[in-house]
Amino acid sequence: MTKKRPHYLVDGYNLIHVWQEINTDDLATARDFLIRSLQEYGAYEKFEITLVFDAARSEDEERVETYDDFFRVV
């Protein structure tokens, strides 16, 4: 029997604003950096990660991007 991976639910915008290495002047670049970083980290540590960008003031429909079996962005 295979061991189930831990699953982490990450609030993307909150993490962007507290991670000092991320430049928040350009949110699109910050999002891309966070996506790449967490996908690599999750693969290395064998975590399942759902990264959520809540867009509280947006009227866009919810979109889910699945990068692999263990990483997705909402």
Output ordering of 11-18, 30-37 (per-residue mean of other Cβ within 10 Å, highest first) is 30-37, 11-18
Note on segment 7-73, DSSP bridge orientation, antiparallel percent to nearest 5 equals 25
Segment 25-54 scanned against label point 7 Å out from ASN14 along Cα→C-beta; backbone N under 18 Å for 31, 34-35, 38, 49-54
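Against the globular-protein guess of 2.2 N^0.38 Å, express the Cα radius of gyration of the chain as a ratio, rounded to two decimals.
1.16
From Cα pairs below 8 angstrom and at least 6 apart in sequence, can you work out the relative contact order of segment 11-74, rounded to a whole percent?
32
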The chain, Gaussian network, Cα under 10 Å: of LEU51, LEU27, LEU38, the residue fluctuating most is LEU27
With R₀ set to 35 angstrom, the calculated FRET efficiency between the beta-carbons of GLU21 and GLU61, to the nearest 0.05, is 0.65
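Computed from the coordinates by the stated procedures, all read-outs in this text should not be read as laboratory data. Computed from a predicted structure; not experimentally measured. No Cβ is skipped: glycine too gets one built from the backbone with ideal geometry, and neighbour counts run over all protein chains shown.
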